[in-house]
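One structure is given here, and the rest of the page talks about it.
The values are calculated or read from the model by the stated rules, or taken from the named source; none is laboratory data. Because the structure is a prediction, the values reported are computed rather than measured. Backbone-built Cβ (ideal geometry, glycine too); neighbour counts: all protein chains shown.
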Amino acid sequence: MIPENNIPKSWKKEELPHKFCPGCGQSEALKILGYAIDELGIQNKTIYASDIGCSLLSWNMFDVDTIQTHHGRATPVAVGFKHAKPEAVVLAFMGDGGGYAIGAQHLINACMRDDKITIILINNANYAMTGGQMAPTTLLEQITATTPQGRKLADFGLPLHGPEMLSPIASDNAYIARSISNDFWGLLTTFKKAINNQIEGRGFSFVEVLSMCPVNWKTDAQESINFVEKMAEIYPVKEFKIPEGLKC
Amino acid sequence: MLSEAKSAPSGMKILISGEGGQGVQIISEVIAKTAHKIGKNTSYMPQFGVEQRGGASVAFLQIADKKIIYPKFSKANIVLVMSNRSIDAVKQYLNQETLFIFDSTNIDNEHLNQIRNEVTKVLNINAREWALKNLSTKVTNMIFLGALLQYLPDIKVEDIKNVLSDKLINSKNAELIDMDFRAIDYGYNIAREENNNLNGQETKEIENISQDDNKTWQRYPKFCKSCELCIVRCPVKALSFSNELNYLGTQLPQIDINKCTACGLCQLICPDGAIKVTKKN
Ligand code: SF4
Ligand code: SF4
């Protein structure tokens, strides 16, 4: 069923148009997150923590309690909030720079501690807000502002695979998945599972979303779709850990 | 009005504002470089919001014979706005002496109302409509550049074109340079015909654009950013760009309702929530 509204009820309508660039995959993902919040009926108990980077452009997107955190610190702030108010549904939203570089330690430790929060991480293969520099997730040979000849294995190693890194250290209560912003229904289901895992009090939930960045990739609509699909060949879209008994 | 603006004794203070991506910084940079080349004292300072992306993009530009002490200023001789939201960013720099340049095909009356009592000198240009009809909305900023030159008598249109072609020398698109030049000429000429009518567009949030017995397809010009995703992803190729403009002054999608199967994909994937598809029973 197509949702009745073209804009999720949990979005702040008066703040539209939102701040993301034309064709940004993050805004697609956040729209789907909005529908997930609507469907689960959790708008009044959701706490949304956003990181620094393009992810912060979502600070006025949702009509829910929102915290703007510092570089890479969306995870620990979300964990702190969850401890203070366990009945809240705490979402931490960040990019690949925030989650896999400057905030990687928090991500790993939250996963090891099995903190009962839901982390959503956007992977668009570059540092987008600052002008498209190389990120941990930049593909080999991908040209960015700081790798004009392409990312070289000898210099920078392999692109970081987040869910693959977290799965071995996660508990059996964790839900860990990778999805893609273009796939409305797939991503909606993934978000709902990741949030339900927290609501049911089970454990850590993590979703990486492959996402388009047309402005920094310098691609038009079709080329952006092609590139994100190429990313999906390198970063497989699947569920890495599903706890037993998780509702969808 | 023209002569007054031209003879500002302490040099020209120009403030240009638009959405990120509308080309505010390019035209400011080209004017600054040209002014420097002809021996003027010049300062150009870009300013973005707290974030680099997503806010109004503002440029402070000064051209003077005297030394320029500080790159910012409190009131501008000329304020040029390219989008509705940028009016918020420039409001405080207006006074009764400021020449306010805007595009009547792109700015809403609702936003103009905020400054209606503050400005007396106005230049109203139909930049986007003309660009869309004759060249491409990509070169709208060049029309504004041309219009500004009318108020900077020391800078010749030819000087500007030389600096611009140096800048674009590596551009893959030779056609673009030609379009830029034509847009500059148009802007320069249109600014001579004074049009000081402070009227913009009426705000339309939703357009009930198309329907038949089985379905309705609506679009939201206030939200659409012309990303083209709906157009490339529609499985039956029912969507294409139209000649109507959204709030950024770029093209809105339009529908061929006979082809549309009301699958709803465009509504689902539009990152800005700018489409609504309804099936009727
Ligand atoms: S997907 Fe939405 S924002 Fe993009 S062109 Fe279509 S209607 Fe406009
Ligand atoms: S509803 Fe489906 S068929 Fe109709 S325009 Fe949208 S994507 Fe195309």
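Here are some notes:
- Scanning region B:235-257 for residues that are β-branched (Val, Ile, Thr), within 16 Å of B:Thr216 (Cβ to Cβ) and within 8 Å of ligand 1 (Cβ to nearest atom) turns up nothing.
- Matching residues, region B:151-161, being in a helix (DSSP H, G or I) and surrounded by 14 or more Cβ atoms within 10 Å (Cβ to Cβ): B:Val157, B:Asp159, B:Ile160, B:Lys161
- Scope region B:239-255; condition more than 12 Å from chain A (Cβ to nearest Cβ), among the hydrophobic types (A, V, I, L, M, F, W, C) and over 14 Å from B:Cys270 (Cβ atoms); matching residues: B:Leu245
- Residue list for region B:113-146, restricted to those being of a type in the set (Gly, Ala, Ser) and surrounded by fewer than 21 Cβ atoms within 10 Å (Cβ to Cβ): B:Ser136
- Of the residues making up region A:1-28, those that are small (Gly, Ala, Ser), touching a strand residue (DSSP E or B) at 6+ places or on another chain (Cβ under 9 Å) and facing chain B (nearest Cβ under 9 Å) number 1.
- Filtered by the rule that a residue be surrounded by fewer than 22 Cβ atoms within 10 Å (Cβ to Cβ) and within 14 Å of ligand 2 (Cβ to nearest atom), region B:222-235 gives B:Glu228, B:Ile231, B:Val232, B:Arg233, B:Cys234, B:Pro235.
- Yes/no for A:Gly25 being among the small types (Gly, Ala, Ser), buried (at least 17 other Cβ atoms within 10 Å of the Cβ) and farther than 24 Å from B:Leu229 by Cα: no
- Region B:8-35: number of residues that are in a helix (DSSP H, G or I) and either at pLDDT below 85 or of a type in the set (Ser, Thr, Tyr) (or both): 2
- Some residue of region A:81-89 being within 14 Å of the chain's Cα centre (by Cα) and modelled with pLDDT of 95 or more: no
- Restricting attention to region A:208-230 and to residues that are surrounded by fewer than 17 Cβ atoms within 10 Å (Cβ to Cβ) and not acidic (Asp, Glu), the residue that is nearest to the other protein chains (Cβ to nearest Cβ) turns out to be A:Gln222.
Residues checked against (1) surrounded by fewer than 22 Cβ atoms within 10 Å (Cβ to Cβ); (2) away from chain A (no Cβ under 14 Å); (3) more than 9 Å from ligand 1 (Cβ to nearest atom):
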{"site": "B:Gly187", "(1), (2), (3)": "no, yes, yes"}
{"site": "B:Asn197", "(1), (2), (3)": "yes, yes, yes"}
{"site": "B:Gly200", "(1), (2), (3)": "yes, yes, yes"}
{"site": "B:Trp217", "(1), (2), (3)": "no, no, yes"}
{"site": "B:Tyr220", "(1), (2), (3)": "no, no, no"}
{"site": "B:Asp272", "(1), (2), (3)": "no, no, no"}
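- All positions within region A:1-40 that are within 14 Å of the chain's Cα centre (by Cα) and basic (Lys, Arg): A:Lys31
- Any hit, region A:45-62, residues being more than 12 Å from chain B (Cβ to nearest Cβ), among the β-branched types (Val, Ile, Thr), touching a strand residue (DSSP E or B) at 6+ places or on another chain (Cβ under 7 Å) and within 21 Å of A:Val209 (Cα to Cα): yes
- Evaluation of B:Asn281 against (1) within 14 Å of ligand 2 (Cβ to nearest atom); (2) over 22 Å from the mean Cα position of the chain (by Cα) (one fails), failing number: (1)
- Among residues of region B:261-270 being more than 14 Å from ligand 1 (Cβ to nearest atom) and hydrophobic (A, V, I, L, M, F, W, C), the one that is surrounded by the fewest Cβ atoms within 10 Å (Cβ to Cβ) is B:Cys263.
- Scanning region A:115-133 for residues that are in a loop (DSSP other than H, G, I, E, B) and surrounded by fewer than 20 Cβ atoms within 10 Å (Cβ to Cβ) turns up A:Thr130, A:Gly131.
- Criterion (under 16 Å from the mean Cα position of the chain (by Cα), more than 30 Å from A:Glu87 (Cβ to Cβ) and among the hydrophobic types (A, V, I, L, M, F, W, C)) met by exactly one of A:Ile176, A:Ile180, A:Ile143, A:Ile195: A:Ile180
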